[in-house]
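Where a number appears in this text, it was derived from the coordinates with a stated rule and is not lab data. All of these numbers come straight from a predicted model, not from anything done at the bench. Cβ placement follows ideal geometry from the backbone for every residue including glycine, while neighbour counts extend to all protein chains displayed.
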Amino acid sequence: MKEVDQILLDLKRRIFKPIYFLSGEETHYIDVLSDYIEHHVLEEADREFNQTVVYGKDVDLGGVLGLAKQFPMMSEHNVVIVKEAQNLKELNKSAGGDDEGSSKSSNSANSVSAQFLHYINHPQPSTILVFCFRNKTIDKRSAIAKALQKNAVFLESKKLYDNQIPEWIGAYVKEKGYTIGPKATFLMSEFLGNDLGKISNEVNKLLISLPKGQEITVELVQDNIGISKDYNVFELQDALAKRDVLKANRIVNYFAANEKDHPAPMILVTLYGYFSKILKYHFLQDKSKFAAAGALGVNPFFIEGYSRAAANYSAAKLKQIFSYLKECDLKTKGVDNSTISNGELLKELVYKILH
């Protein structure tokens, strides 16, 4: 994320701003920036007297402002970090939270909000005040939000789309001084989802035992991240693409016997995305490798597989498959189903797709 990269670059150059408001659904970026500020702005000896970390559920905004207005002791900066800032009731109101309450408490909150607005416009120059507003952001129409966007470092981090995750993994691994192939990135993204914090933790654990520059292979991913070599969604997709009945049934039987490790909702989402790309491939005017890869949002490495799958599944058959996926999804949620397990529903789905 270019905006995050620029903020981090400024921090490393020790170009600091008085207020950082880090918000949004993608908490990985919030953690990266706040952790850097927490561990690098002040020397360790200065943190005891000049750095305060509080949590939104334990303080109010008035208390935070009091901390921010303090002067540093024998240091250039006073650092105040508010973690879980979305729990500050005065800010939560600006995020569309519960604004019910007595007139007295409402007036008090408005008074503190006015003080905060004044502080945003006239911050303490020696203080670095950081808000970690996780999983949501404040209403941009509010006066506080407008002031923050004008006078502070204001970040709203959004979740990446699923098709952006493999590229993100590749870039993250490269940044760490290693390489990773497209199949390994795809497998990792399918297994770990789009939680960048979870992905980065798994990658970091994997890299501990590897020499710099080594490639992260499919085998390393399978061995270190708990993905079965033969029984995973990637292999199921491959079997379905080839209409390999034996392999597909072997995999789905394994899923059915291990429902906890292979939840049906995650498998259904993955298969829906996969067959959507196959349908899109059918209607591409330019099916050349790199043009198709760009249109589908995948690595060119996978285009041959989509081409093969499109040859095995007509547009009419794909229309049926989407109805099967929808039916299976509803049944896993209890609609028109009270007795059939999710594993059995997946078996039925695979049968319908292949026949």
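I'd like the antiparallel share, as a percent to the nearest 5, of DSSP beta bridges with both residues in the chain.
Bridges in the chain that DSSP calls antiparallel: roughly 5 percent.
Which distance in Å, rounded to a whole number, links the C-alpha centroids of the stretch 284-353 and the stretch 6-75?
For the stretch 284-353 versus the stretch 6-75, the Cα centre distance is 46 Å.
Counting each DSSP H run of 4 or more residues in the chain as -39500 (n - 2.57), what helix-only mean residue ellipticity at 222 nm follows after dividing by all residues, to the nearest 500 deg cm²/dmol?
About -18000 deg cm²/dmol.
Mind listing the Cα extents of the stretch 2-157 along all three principal axes, in Å, largest one first?
In descending order, the Cα extents are 45, 34, 25 Å.
Give the Kirkwood hydrodynamic radius (Å, one decimal) of the stretch 233-354, defined as one over the mean of 1/r across all pairs of different Cα atoms.
14.9 Å
Taking a spot 7 Å from the Cα of Asn299 along the direction of its beta carbon, which residues of the stretch 164-205 have an amide N less than 11 Å from it?
166-171, 179-189, by backbone N distance to the label point.
Tell me, what HN-Hα J-couplings in whole Hz come from the Karplus equation 6.51 cos²θ - 1.76 cosθ + 1.60 at θ = phi - 60° for each residue of the stretch 18-24, using x for Gly and Pro?
Rounded to whole hertz, the list is x, 9, 10, 10, 9, 9, x.
Which whole number in µm²/s is D for the stretch 287-355 by Stokes-Einstein, with the Kirkwood Rh taken over Cα pairs at 20 °C and 1.002 mPa s?
154 µm²/s
Strictly over 24 Å apart at the Cα level, which of Lys12/Lys140; Lys247/Lys289; Lys83/Lys198 would you flag in this model?
Cα-Cα > 24 Å for Lys12/Lys140; Lys247/Lys289; rest within.
Kindly flag which residue pairs out of Lys159/Lys333; Lys317/Lys352; Lys2/Lys277; Lys17/Lys159; Lys331/Lys352 have an alpha-carbon separation exceeding 18 Å in this structure.
Among Lys159/Lys333; Lys317/Lys352; Lys2/Lys277; Lys17/Lys159; Lys331/Lys352, the Cα-Cα distance tops 18 Å for Lys159/Lys333; Lys2/Lys277; Lys17/Lys159.
Can you check what the net charge comes to around Pro72, using other residues whose Cβ is under 14 Å from the Cβ of Pro72 (Lys, Arg +1; Asp, Glu -1)?
-2
Treating only the Cβ of Lys, Arg, Asp and Glu as charged (+1, +1, -1, -1), what charge dipole size does the chain show about its Cα centre? Round to the nearest 20 debye.
Approximately 1080 debye in magnitude.
Here are several values of P(r) over Cα pairs in 10 Å bins from 0, in percent: (i) 5, 20, 23, 20, 17, 12, 3, 0; (ii) 5, 25, 34, 25, 9, 1; (iii) 6, 23, 31, 25, 12, 3, 1, 0. Which one was derived from the coordinates shown?
(i)
Classify the stretch 3-81: rounded, prolate or oblate, from the alpha-carbon gyration tensor (a ≥ b ≥ c, eigenvalue square roots; a/c under 1.5 rounded; otherwise prolate if a/b is larger than b/c)?
oblate
Once you charge only the Cβ atoms, +1 for Lys and Arg and -1 for Asp and Glu, what is the size of the charge dipole of the stretch 233-354 about its Cα centre, to the nearest 20 debye?
Charge dipole, the stretch 233-354, about its Cα centre: 340 debye, nearest 20.
From Cα pairs below 8 angstrom and at least 6 apart in sequence, can you work out the relative contact order of the stretch 162-224, rounded to a whole percent?
The normalised contact order for the stretch 162-224 reaches 41 percent.
Give me the dipole magnitude in Debye, nearest 20, for the stretch 2-157 about the Cα centre, with unit charges on the beta carbon: positive for Lys and Arg, negative for Asp and Glu.
In debye, rounded to 20, the stretch 2-157 gives about 560.
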